Amino acid sequence: MVQSAPAVGVFMAARSGVAADGSGGFPTMTEDIVARPGWSEQQRDCRRLFDDNPLPMWVFEPRGILDVNQAAVLQYGYSRAEFLALKPQDLDAAAPSPTGSGESAGKNGHRRKHHKKDGSVVDVEVASFAINFGPVPAVLVSAMDVTYRLRTEAQARYLDFLLATVTDAVVASDEEFILTGWNAAAESTYGRRAAEVLGQPDALVFRTDFVGVERADAIKELVETGRFHGELTHRRGDGKRIHIESRAAALFDSTGHRIGYVSVNRDVTDRRYAEETIRSLLSEVITAQEEERRRIARELHDETAQALTSLLVGLRNVEQSPDIARAQRAAATLRTLVADALEGVQRIARGLLPSALDDLGLADALERLAAEFARANKFLVDLHMTGPRLPRLPAPLELALYRVTQEALTNSAKHASPKAVSILIHRTATSVRLVVEDDGVGFDVSQAETGRRLGLVGMRERAHLVGGSITVESSRGGGTTVCVTVPLAESTLAPEPAASAAS
């Protein structure tokens, strides 16, 4: 600060010995102005600027505080006499500076912490200027209380941090629904940068469709109650529509005037897809159960029930046979009928619960499955097992691979009209791979997945349940290949324990 002569002269008059009240203190502003008739108007204005300034100000030199204005007395809570009895470092709540002054002369804008009389601490920004106080070099200090400002800035930084790190899209708009805020998560969710959307109407940006409520009713609820919670769809920057769970609330200023709205929008597209998938799977499971029940009922009626009916007729023939020879011939016929009925019941039981899988393992169970399908559907089924000889797979994994193979063979028999189907199981120490391939008519995989065919969905879900992945490749006239790959955990890799000598 460049010092002018009038400014220096103001403080040269301040320390002149005994004050008018005989206390030896310093003159007040009124005493200075009245008692110094030789002052110029500039000097009087400078003194008024010091005493009437709303910012706390004081003058100090190394021995103590020389003068203080009324604003400092009011802010710090000391009386004028108490303030003048202080040393500058008495105000400093931080560690004192090397000079012991608490402030650095000639430097402006220092941020300090000061004690008030009641013990509270305030943040202040201190500006200090070197002056001449009479013949004594001194420092003029002004201190601005920035506690509230710093708290507000800290809160703003915290809010900025929250907005930057929160995973939900936070969007703000004014009263007219013109976008005014757009956080990083909103950029990610909607695929549009803040600079592209701020200042635009939210209706133009989002192209909102409400779910389960009319648009007019939703906006009316927000405007009248200041709140809205519901589901809607928005348009991303790439044109894709996404499902959004939105919570919106009105914003008000300190006078209660509404200044806009803020909404927290969560992309629930995947959740909605999962819910729809679960509902679809549940419906398909129920449908599959009913189809399986009908199939079992038909088999029981067409085979087992007819065999039992024939058995009853045969038993009546045995009962009515006139001689032992005819009874023996009837009994031989009955033996054949019972054997056929038993085979039918066992086939149904194997379809429901493959006991060979528990007793003999995956390889033997698949051999029996392949033989049954080949015999029943009049096409060739080849099974190949490759890889090193390793311990059996965990039971849930074996069952999943068996069911996927069973479903793939069933789909081939129903839809593909193949001449041959091959099944390959390849084991390694770290994975197992199942491939089922037919030479049938094939199909459009994309259309089948869009239509969510039961067989494909069931195979995919079984593969995912055991931590595996599945791919289906097919083309019209080019056959179909189903491939399942499952990584093996370390717990499944241990070799089988060696047989003990006692066994």
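The values are calculated or read from the model by the stated rules, or taken from the named source; none is laboratory data. Note that the coordinates shown come from a computational prediction; the quantities given were computed from them, not determined experimentally. Cβ atoms come from the backbone with ideal geometry, glycine included; neighbour counts cover every protein chain shown. Keep in mind that these areas ignore ligands, DNA and RNA; they rest on the heavy atoms of the full protein, side chains included. Shrake-Rupley method; radii C 1.70, N 1.55, O 1.52, S 1.80 Å.
List the trypsin sites (Lys or Arg not before Pro) within segment 402-444 that fall in a DSSP loop (any state other than H, G, I, E or B) and whose Cβ has at most 15 other Cβ atoms within 10 Å.
For trypsin sites (Lys or Arg not before Pro) across segment 402-444 that sit outside H, G, I, E and B with at most 15 neighbouring Cβ atoms in 10 Å, the list reads K419.
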Near-label residues of segment 149-192 by backbone N, under 18 Å of a point 7 Å along Cα→Cβ of I219: 172-180
Spatially proximal lysines relative to K240 (Cα-Cα < 29 Å; intrachain offsets below 8 disregarded): K220
Accessible area (Å², 1.4 Å probe, nearest 10) - I259: 80 Å²
Between segment 127-148 and segment 298-318, the Cα center-to-center distance that results, in Å: 116 Å
Contour excess over end-to-end distance, with Cα ends at Q328 and H110 and 0.36 nm allotted per residue: 66.5 nm
Accessible area, probe 1.4 Å, largest first, for residues F252, F210, F228: F252, F210, F228
Stretch gain in nm, segment F161-S188, where the contour uses 0.36 nm per residue and the Cα spacing is subtracted: 8.1 nm
Over segment 237-369, relative contact order from alpha-carbon pairs under 8 Å, at least 6 apart, %: 15 percent
Eligible aspartates and glutamates near K378 by straight Cα distance, threshold 15 Å, same-chain separation 8 or greater: D438, D439
Interchain or long-range residues, amide H under 5 Å from I259's placed H: L251, F252, D253
J(HN,Hα) series, segment 147-163, from Karplus relation 6.51 cos²θ - 1.76 cosθ + 1.60, nearest Hz, glycine and proline x: 4, 5, 5, 5, 5, 5, 5, 5, 5, 5, 5, 5, 5, 4, 5, 4, 5
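Please report, in whole Å³, the volume per residue of the convex hull around the C-alpha atoms of segment 171-280.
Expressed per residue, the convex hull around the Cα atoms of segment 171-280 is 106 Å³.
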Along principal axes, Cα extents of segment 203-338, largest first, whole Å: 113, 32, 21
Computed FRET value (nearest 0.05) for Q320 with Q346, which takes r as the C-beta separation and R₀ as 45 Å: 0.90
